[in-house]
1. Considering region 78-175, what Rg and Dmax in Å follow from its alpha-carbon atoms?
2. Taking the Cβ of Q154 as the centre, find all other residues whose Cβ is under 11 Å away and add up their charges (Lys, Arg: +1; Asp, Glu: -1).
3. If you place +1 on the Cβ of every Lys and Arg, -1 on the Cβ of every Asp and Glu, and leave all else neutral, what size is the dipole of region 85-210 about its Cα centre, to the nearest 20 Debye?
4. Looking at region 125-190, what % of the alpha carbon pairs are farther apart than 17 Å?
5. Any chance you could give the angle, 0 to 90 degrees and rounded to 10, that helix 337-365 forms with the longest Cα principal axis of the chain?
6. Evaluate region 210-338: find the radius of gyration of its Cα atoms, find its Kirkwood radius, and give the ratio Rg to Rh.
7. Measuring from a point 7 Å past the Cα of T93 along Cα-to-C-beta, which residues in region 183-217 have an amide N at less than 16 Å?
8. In the chain, if every C-alpha pair distance is counted and binned at 10 Å from zero, what percent goes to each bin?
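All of the numbers you see were taken from the coordinates with simple rules; none came from a lab. Here the structure is a predicted model, which is why all the values come from computation and not from measurement. Positions of Cβ are generated from backbone atoms using ideal geometry, with glycine treated the same way; all protein chains shown enter the neighbour counts.
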Amino acid sequence: MTATDDAAAPPLDVLIAGGGYVGLSLALALKRGAPSLDVAVVDPAPAGAAARDGRASAIASAAREMLTALGVWSTLEPLAQPVEDMIVTDSRTRDPVRPVFLTFAREEGSAAPFAHMVPNGALVAALSDAADRAGVTRIAGSGVTDFETGTAFQRITLADGTTRRARLLVAADGAKSRLRALAGIQTVGWGYGQSGIVVTVKHERPHHGRAEEHFLPAGPFAILPLPDNRSSLVWTESTETADRLVAADPFTFAIELERRFGHHLGAITAEGTPRAYPLGLMIARRFVAPRFALCGDSAHAIHPVAGQGLNLGFKDAAALAESVVEAARLGSDPGSADALSRYERWRRFDTVQMGMVTDGLNRLFSNDSPALRIVRDVGLGLVDRLPGLKRRFIGAAADADPSAPRLLRGEAI
């Protein structure tokens, strides 16, 4: 649907700023849970731009359950690569052999892998199509530039000069959220002096669905399986080194890539242009304000060492949708303080906890200290030899949480 109304129209129930996977999954969940809600998504990017993202993301089992409940997993599954097992090594770039200290594999009798790799473009496209079919209003190419909070609604100004009213405004506009700043919400966090290089590689030999996490002195080097003998890399380096590598000529980049990737999958070739993204920890001090909520990267940004950034965003969307839908079913205002308080209580502690875990892992493994190397290698080996402890790690990686929002358990709101 296309929005042409101005402030004279009846107020929307929810206006979501941001048309990525978080904003779209939230909009879709709201409409499926309460079809009578009037929901709009405003995205400054041109229509279809997010669907052209060439990167891929790891979808944990709980996020897969959510996508199934939202009716989009059947579209994505043929394009997804199951992650059947994972190995963890701890070594230096110059080491001729990288000993494996920890392995994760699908548990015997399990019907599904603990994660899938899904192309970001396909994920956004599937959510976008489903949101359109559900009746979500789409306002493409015009972001939110300002808003004024009133007693009954937000008065929202768009980049094209038009205004809209909404009972709840949700910022899903990324880690550098303009709306978070306009709401006066402060953040806590720090940079790591690292950047993540993201690139897809083609290799000669099959990966058999194996993911690899190589802890190198500069930071983790993750090889994540994709279909057709391809893998997605998340390669951590100091920001100075990362900037130099992505600006280097293809031959120099290929040599440095091969030094870290190794030869176990045969000859490798980088596809597309590598990009580097600064890494840090950022968590908003508050997730809500009157008739306003942060969702996804606008609320938090964590290190990719555990591959949980996307899954945290889905958790936010599931929790906020459930809080708003249940309020609507009780006849309450979707932007009520009670609904927003429930959402914040549900999500903020879990987010802080995950932020601290990833921060600790990055600090523990992104160094070449002999003493810390002994400690972490002993720890990894201990986990590998204790099946019960390993199952807990697998459950955490898969986001298996009985107190999670219903969508993450595969249940309708």
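1. Spelled out, the Cα radius of gyration and Dmax of region 78-175 are 23.0, 66 Å.
2. That sum, taken over residues with Cβ under 11 Å, equals +3.
3. Numbers: 16 positive and 12 negative charges, 53 e Å.
With only Lys, Arg, Asp and Glu charged at Cβ, the dipole is about 260 debye.
4. In whole percent, the long-distance tail amounts to 53.
5. Approximately 20 degrees, to the nearest ten.
6. Details: Rg = 20.2 Å, Rh = 17.8 Å.
For region 210-338, the value is 1.14.
7. 194-198, 214-217
8. P(r) over the chain, rounded to whole percents: 5, 22, 31, 24, 13, 4, 0.
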